[in-house]
């Protein structure tokens with residue numbers, strides 16, 4: 001879909017998937033992780049803005065807090081009927097929730113981290129990662 005300066009239009013992807021596979025996707029069942037807010041202009045509530053991820057991780061995946069947070073976030077979305085509404089209601093489209101030192105955000109992140117660790121243990125998920133969060 002292009003480089004960092006491109007605005008990403010999920011309508012194009014949804015249309016192609018419908019043509020090729022006969023599957024109708026939309027705001028209710030699509031989530032994109034991105035570290036560039038410019039991508040988000042057309043469907044802003046379908047993106048989770050993440051810290052910049054531009055290197056090969058030297059952190060063990062089970063110690064990468066952002067990776068663990070995303071496991072919990074994606075597991076949480078699994079039961080939602082409208083991803084865009086859920087993302088908007090929890091401010092996941094704002095970078096502050098993942099990087100803030102604010103006590104409220106930190107407590108929320110810690111709650112998600114605990115949930116992710118529980119999920120990984122319950123399903124015996126062996127976490128492997130090729131990129132990581134350089135702010136972790």
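Taking residue 107, is it assigned to a helix (DSSP H, G or I), out of contact with any helix residue (DSSP H, G or I) (no Cβ under 7 Å at 6 or more places or on another chain) and either over 30 Å from residue 25 (Cβ atoms) or modelled with pLDDT of 70 or more (or both)? Yes: the conditions hold for residue 107. For beta carbons closer than 7 Å, sequence separation of 6+ or different chains, a first residue in segment 83-98 that is without any contact (Cβ under 8 Å) to a residue 24 or more places away in the chain and a second that is part of a helix (DSSP H, G or I), the qualifying pairs are 86/77; 91/97; 96/105; 97/105; 97/108. Kindly indicate whether residue 21 is at pLDDT below 85 and farther than 21 Å from residue 114 by Cβ. When the stated conditions are applied, residue 21 does not pass them.
Among residues of segment 110-126 that are closer than 13 Å to residue 76 by Cα, those with a beta-carbon under 9 Å from a residue that is modelled with pLDDT under 70 and assigned to a loop (DSSP other than H, G, I, E, B) at least six positions away or on a different chain give the pairs 119/125. Of all the numbered requirements in (1) modelled with pLDDT under 75; (2) surrounded by 15 or more Cβ atoms within 10 Å (Cβ to Cβ); (3) assigned to a loop (DSSP other than H, G, I, E, B), residue 125 misses one, and that requirement is (2). Taking segment 25-83 as the search range and keeping residues that are at pLDDT 75 or above, assigned to a helix (DSSP H, G or I) and surrounded by fewer than 15 Cβ atoms within 10 Å (Cβ to Cβ), which one is nearest to the chain's Cα centre (by Cα)? So the residue we want is 74. Can you say whether residue 132 is closer than 24 Å to residue 9 by Cβ and either in contact with a strand residue (DSSP E or B) (Cβ under 9 Å, 6 or more places away or on another chain) or at pLDDT 80 or above (or both), as far as the supplied structure shows? It is false that residue 132 is closer than 24 Å to residue 9 by Cβ and either in contact with a strand residue (DSSP E or B) (Cβ under 9 Å, 6 or more places away or on another chain) or at pLDDT 80 or above (or both).
The values are calculated or read from the model by the stated rules, or taken from the named source; none is laboratory data. Nothing here was measured: the structure is a model prediction, and the numbers come from that model. Note that we place each Cβ from the backbone using ideal geometry, even for glycine, and neighbour counts take in every protein chain shown.
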